[in-house]
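S.K.: Could you have a look at this structure, given as structure tokens, before my questions?
The values are calculated or read from the model by the stated rules, or taken from the named source; none is laboratory data. All of these numbers come straight from a predicted model, not from anything done at the bench. Using ideal geometry, Cβ is built from the backbone for each residue, glycine included, and neighbour counts are taken over all protein chains shown. When the accessible area is computed, the model is the full protein with side chains, heavy atoms only, and any ligands, DNA or RNA have been set aside. Shrake-Rupley method; radii C 1.70, N 1.55, O 1.52, S 1.80 Å.
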Amino acid sequence: VQLVESGGGSVQAGGSLRLSCAVSGNIFSINKANGMAWYRRAPGKQRELVATVTRGGSTNYADSVKGRFTISRDNAKNTMYLQMNSLKPEDTAVYYCAATPLAVGESDDDYDYWGQGTQVTVSS
């Protein structure tokens, strides 16, 4: 399974961005991407969980992004998304998508597959 993020960039505070995570591989690999998640790592900080989504569409969010970010996935397109609205400077980070053949988890160790990351920069 390969994961490729896109959609990062630079925006001013209050702006919006939409990140995408494309899942590729043979058919058996794609079906392995059951639970999926977005993580982020800000400069000088540990990687943190942003949001998770199950294959059935159930979602969960970090308190810091609730009401501003929306995670979703299109299984037919093998793509996961993160719609980010009302962005703040503290959202500046490299954003990573992750996938697991099992249920979603809250630990980095719960995910077997990771993308290379995409930079999001929010200026005040």
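S.K.: Return a yes/no flag: does segment 112-124 have any residue that is more than 15 Å from V1 (Cα to Cα), in a strand (DSSP E or B) and touching a Pro at 6+ places or on another chain (Cβ under 8 Å).
M.R.: So in segment 112-124, the residues more than 15 Å from V1 (Cα to Cα) come out as 117-124.
Among the residues that remain, those that are also in a strand (DSSP E or B) are: 118-123.
Okay, now just the ones that are also touching a Pro at 6+ places or on another chain (Cβ under 8 Å), so 122-123.
Checked segment 112-124: at least one residue is more than 15 Å from V1 (Cα to Cα), in a strand (DSSP E or B) and touching a Pro at 6+ places or on another chain (Cβ under 8 Å).
S.K.: Report every pair of residues separated by at least 6 positions or lying on different chains whose Cβ atoms are under 6 Å apart, first residue within segment 1-12 and under 16 Å from S86 (Cα atoms) and open to solvent by 40 Å² or more (accessible area, probe 1.4 Å), second assigned to a strand (DSSP E or B) and at pLDDT 95 or above.
M.R.: S10/T121; Q12/S123
S.K.: Moving on to the next point. Based on this model, can you work out whether D108 counts as farther than 14 Å from L19 by Cα and at pLDDT below 95?
M.R.: On the way: farther than 14 Å from L19 by Cα: yes; at pLDDT below 95: yes.
For D108, the condition - farther than 14 Å from L19 by Cα and at pLDDT below 95 - is met.
S.K.: For segment 69-81, name all the residues that are open to solvent by 50 Å² or more (accessible area, probe 1.4 Å), part of a loop (DSSP other than H, G, I, E, B) and polar (S, T, N, Q).
M.R.: Answer for segment 69-81, where residues must be open to solvent by 50 Å² or more (accessible area, probe 1.4 Å), part of a loop (DSSP other than H, G, I, E, B) and polar (S, T, N, Q): just N75.
S.K.: Need the failing condition index for G67 against (1) on the phi < 0 side of the Ramachandran plot; (2) at pLDDT 95 or above; (3) not basic (K, R), just the number.
M.R.: Unmet condition: (1).
S.K.: Quick check, is K66 open to solvent by 70 Å² or more (accessible area, probe 1.4 Å), more than 17 Å from V122 (Cβ to Cβ) and assigned to a loop (DSSP other than H, G, I, E, B)?
M.R.: Numbers: open to solvent by 70 Å² or more (accessible area, probe 1.4 Å): yes; more than 17 Å from V122 (Cβ to Cβ): yes; assigned to a loop (DSSP other than H, G, I, E, B): yes.
When the stated conditions are applied, K66 passes them.
S.K.: Kindly list, by first and then second residue, each pair from a residue in segment 103-114 that is of a type in the set (D, E) to a residue that is in a loop (DSSP other than H, G, I, E, B), limited to pairs with Cβ atoms under 9 Å and residues at least 6 apart or on different chains.
M.R.: Pairs found: D108/R47; D110/L102; D110/A103; D110/V104; D112/V1; D112/K32; D112/P101; D112/L102.
S.K.: Right, next: Within segment 82-105, is even one residue under 20 Å from Q2 (Cβ atoms), surrounded by fewer than 18 Cβ atoms within 10 Å (Cβ to Cβ) and of a type in the set (K, R)?
M.R.: no
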